[in-house]
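Heads up: the structure comes next, in structure tokens.
The values are calculated or read from the model by the stated rules, or taken from the named source; none is laboratory data. Nothing here was measured: the structure is a model prediction, and the numbers come from that model. Here the Cβ positions follow ideal geometry from the backbone for every residue, glycine too, while neighbour counts run over all protein chains shown. These area figures cover heavy atoms from the full protein model, side chains too; ligands, DNA and RNA do not enter into them. Shrake-Rupley method; radii C 1.70, N 1.55, O 1.52, S 1.80 Å.
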Amino acid sequence: MMANGKTNHTKPPESKRIYLWTIPRSISTAFERCFVGLNNAHVEHEPYCTAYFFGPDSDNRSLAPFLPTEYDYSYQNVKTRLEEDYPGKNIIFCKDHAFSLGGRYEMMATGFTHTILIRDPVKTMSSFHRIANKPKLLSWSIHTILPDGLAYKDLYDLEVHVRTKLGQNVTIIDADDLVRYPEQMIRRYCDAVGIPFQLEMLDWDSCVNVTKSWSRTLRLLQFLGGIYDRALTSTSFHKEKAEKKEDVSDLPDEVLEAVKICQPYYDQLYQKRIIPEDRETEV
């Protein structure tokens, strides 16, 4: 009620819905943490990935038969949930892997601005190899977990779909740029998706229970394999992760072959990325 006795019918601002599509081991969970600590944000963690591996529509249940089926994570249920209203939240942020759609573009939630996070395949594939071969994860391998394009082709194909079928220019950021120039890159990302930058995005509280809204299976995977340990205990981005170079000569053949498959798709997406201001004169 206004002072003059009239009712104020001003509509609250509409929520901005942002989807970050990526590949495994891309520092994407750390990027997700930029949003977890914002009071005005609702964050979803890999709902389509849960559907892909553990939902009732999954063709991949044999990979982890010891983990429960997530009956609430059908593709249709995920789409419906992501399209819901979240009172009190004007940013809806979701992070996921493009391959987890399995080409089901009709199941993509509507109303989202789509963005992409990429990372050098040498770094992602060597990290994925180390994680997949942890004893508690049954000695999984790159090729048993990931589809034929090893996640990069799926990310490339999704960019084409969003650009040509949905008519969006996809904002692309590279993980090494993000960790070298976090404030520049996050500011530019926020500008690109139409939300205000907040300083809280640069540093976060490691004690916040980030996993409380995750699916049961992803929480169990974290408990069993610690696959998100670095991201969940971090408080900011670390430049040394960008500066560190993998010794390619020490990588097993499986990883080298995977990098060879991924590199062309990474290179094409890399050319379209947002460039940090400090590097604009170098490119």
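Numbers below:
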item	result
Where a residue in region 107-136 is aromatic (Phe, Trp, Tyr) and modelled with pLDDT under 95 and its partner, wherever it lies, is crowded, with 18+ Cβ neighbours inside 10 Å and not in a helix (DSSP H, G or I), with Cβ under 7 Å and at least six apart	Phe128/Pro24; Phe128/Arg25
Flag for Ser213 being touching a His at 6+ places or on another chain (Cβ under 8 Å) and either open to solvent by 60 Å² or more (accessible area, probe 1.4 Å) or more than 28 Å from Tyr71 (Cβ to Cβ) (or both)	yes
Sole exception among (1) among the β-branched types (Val, Ile, Thr); (2) open to solvent by 10 Å² or more (accessible area, probe 1.4 Å); (3) in contact (Cβ under 8 Å) with a residue 60 or more places away in the chain for Ile92, by number	(2)
Which listed residue is in contact with a His (Cβ under 9 Å, 6 or more places away or on another chain), among the aliphatic types (A, V, I, L, M) and at pLDDT 95 or above, from Leu251, Leu166	Leu166
Region 220-267, residues that are within 30 Å of Asp72 (Cα to Cα) and either open to solvent by 90 Å² or more (accessible area, probe 1.4 Å) or touching a Pro at 6+ places or on another chain (Cβ under 7 Å) (or both)	Phe223, Arg230, Thr233
Residue tally, condition open to solvent by 70 Å² or more (accessible area, probe 1.4 Å) and touching a residue at least 24 places away in the same chain (Cβ under 8 Å), over region 169-210	3
Residue, modelled with the lowest pLDDT, within region 5-19, restricted to residues that are in contact with a strand residue (DSSP E or B) (Cβ under 6 Å, 6 or more places away or on another chain) and either assigned to a loop (DSSP other than H, G, I, E, B) or of a type in the set (D, E, K, R) (or both)	Ser15
Within region 135-193, considering residues that are in contact with a Phe, Trp or Tyr (Cβ under 8 Å, 6 or more places away or on another chain) and of a type in the set (Phe, Trp, Tyr), the one nearest to Gly225 (Cα to Cα)	Tyr152
Matching residues in region 149-206 - criterion: being of a type in the set (Val, Ile, Thr) and not in a loop (DSSP other than H, G, I, E, B)	Val160, Val162, Thr164, Thr171, Ile172, Ile173, Val179, Ile186, Val193
Qualifying helices (runs of 4 or more DSSP H) (wholly inside region 20-123; at least 1 residues being more than 24 Å from Asp229 (Cα to Cα))	75-82
